[in-house]
């Protein structure tokens, strides 16, 4: 191991130790600088926005008319496709009055209601970490490079991409095309990134009030996009597939209704695949949570009906949790006697992804369970991380916004701005989304039509590589080459 790599490992260890003393300013799940699956928590602040779940097929117009008569300044988002209203009242008094109105006057169609709680990003982002890095460890700029100059300093680190593509063999069969589109519901994408800009086929849509553009100012969405369709210094799993951003995060906060609305919009825009590298926990016993739970259920069910293949991360914790055991999940999270569910990953109509490491086993931080569909490489800190010895070679490399500060780690690896190391289920899910896109493109070339959602699931399941820990994450580890070979063989 050369001098600079040793220094990077020491630097990472120093960062971990530094962050562990930050206390309440950093969420417990973020004591490691990992790209978590945007695990979200309820914001304690009250707001006047509520979700109203009405019987499916309900005409929302009479309900909206009554709400407007009661509060002409109320902001109403109507999701006719799933019979749900998101209503933000103009005051606390009006909020209570609207709730009573809908529950009583429209009791024949009313099912659930609950606050549309604000949700926040659980990741440590590089723009906030970079100042810490510069104070944590200093390096000489005259140290030797990490890799042989004759080799690409980027592709040297792409073990995760090589694992899924079987050392690039899948690319000889299929690389994707712009007729197959993946909707990324996240923080936007960097439209100026040299590895991504040619594959962004639409500006998409922002669901954040007051934010009209879908440029990424957070970093998460661009990292997800790179795992899917980077095509430059690094390559994603499907380097020619089309990308469309649906922006629900801007500076770390979002509303559940924004994510739900984005799922509906992506389905209506005929996205072949919808990637959701985000998630939250909800109780099915708590009335406040139940409305959000039902809304997510309906949204993904609608997307599948519209022939979108919905992929979501299983979630990231310091120590991964079994998200199929809802009672124990609630107990572990401090809610004994409750029944908690992770969503959208974990829901029936979602293809849910756990993260594996370089050794092909479940990553320690990754959630798992019987409702997880498959595993995909998300990386970790190496086999001796529990001893405080971190190995950067076990992390994953992906794209990062060129408009955001570059980390010290990226600088000393010799990268240009726009590339960062990360780990997490957020980077596992897009590898599956990308493989699904390849299957769709290949199937259409072979048979003149796109496969059904059910068929896509079968190709991914049957092409997966089995491992000793497969029981923890469904079919095995995603393998694009094997899945594409199944499509080819089907014609025979």
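The values are calculated or read from the model by the stated rules, or taken from the named source; none is laboratory data. Not measured: the values here are computed from a predicted model. Positions of Cβ are backbone-derived with ideal geometry, glycine not excepted, and every protein chain shown enters the neighbour counts.
Out of all the residues in region 409-446, which are over 20 Å from residue 313 (Cα atoms), in contact (Cβ under 8 Å) with a residue 60 or more places away in the chain, in a helix (DSSP H, G or I) and touching a helix residue (DSSP H, G or I) at 6+ places or on another chain (Cβ under 7 Å)?
409, 412, 440, 442, listed by residue number.
Only one of (1) within 17 Å of the chain's Cα centre (by Cα); (2) part of a loop (DSSP other than H, G, I, E, B) fails for residue 370. Which number is that?
(1)
Somewhere in region 223-240, is a residue at pLDDT 95 or above, part of a strand (DSSP E or B), assigned by TED's automatic domain parsing to the domain that holds residue 423 and under 18 Å from residue 432 (Cα atoms)?
Looking through region 223-240, at least one residue is at pLDDT 95 or above, part of a strand (DSSP E or B), assigned by TED's automatic domain parsing to the domain that holds residue 423 and under 18 Å from residue 432 (Cα atoms).
When you look at residue 475, is it touching a residue at least 60 places away in the same chain (Cβ under 8 Å), touching a strand residue (DSSP E or B) at 6+ places or on another chain (Cβ under 8 Å) and assigned to a helix (DSSP H, G or I), yes or no?
Considered against the rule, which asks whether it is touching a residue at least 60 places away in the same chain (Cβ under 8 Å), touching a strand residue (DSSP E or B) at 6+ places or on another chain (Cβ under 8 Å) and assigned to a helix (DSSP H, G or I), residue 475 comes out as no.
Tell me, which residue of region 449-472 that is part of a loop (DSSP other than H, G, I, E, B) and at pLDDT 95 or above is farthest from residue 311 (Cα to Cα)?
My answer is 449.
So that you can scan it fast, the table gives a plain yes or no per residue for (1) at pLDDT 95 or above; (2) within 24 Å of residue 299 (Cα to Cα):
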| residue | (1), (2) |
| --- | --- |
| 61 | yes, yes |
| 85 | yes, yes |
| 104 | yes, no |
| 119 | no, yes |
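Within region 448-470, which residues are out of contact with any strand residue (DSSP E or B) (no Cβ under 9 Å at 6 or more places or on another chain) and farther than 15 Å from residue 273 by Cβ?
448, 449, 458, 462, 463, 468
Just checking, which of 301, 307 is within 27 Å of residue 427 (Cβ to Cβ) and in a helix (DSSP H, G or I)?
301
Given the conditions (1) in a helix (DSSP H, G or I); (2) farther than 13 Å from residue 114 by Cα, which single one is not true for residue 288?
In the conditions (1) in a helix (DSSP H, G or I); (2) farther than 13 Å from residue 114 by Cα, residue 288 misses (2) alone.
Could you list, in sequence order, all residues of region 478-492 that are part of a helix (DSSP H, G or I) and closer than 16 Å to residue 378 by Cα?
The answer is 480, and nothing else.
Listed here are the residues, each with its yes/no results for (1) crowded, with 19+ Cβ neighbours inside 10 Å; (2) within 30 Å of residue 266 (Cβ to Cβ).
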{"position": "61", "(1), (2)": "no, yes"}
{"position": "70", "(1), (2)": "no, no"}
{"position": "79", "(1), (2)": "yes, yes"}
{"position": "83", "(1), (2)": "yes, yes"}
{"position": "87", "(1), (2)": "yes, yes"}
{"position": "93", "(1), (2)": "no, no"}
{"position": "105", "(1), (2)": "no, no"}
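If I go through region 313-343 residue by residue, how many of them are assigned to a loop (DSSP other than H, G, I, E, B) and farther than 13 Å from residue 369 by Cβ?
Residues flagged as assigned to a loop (DSSP other than H, G, I, E, B) and farther than 13 Å from residue 369 by Cβ within region 313-343 amount to 9.
Assess whether residue 460 counts as being in contact (Cβ under 8 Å) with a residue 24 or more places away in the chain and closer than 18 Å to residue 193 by Cβ.
No; evaluated as a whole, the condition is false for this residue.
Identify all residues within region 379-408 that are surrounded by fewer than 24 Cβ atoms within 10 Å (Cβ to Cβ) and not in a loop (DSSP other than H, G, I, E, B); write none if there are none.
385, 386, 387, 392, 393, 394, 408, listed by residue number.
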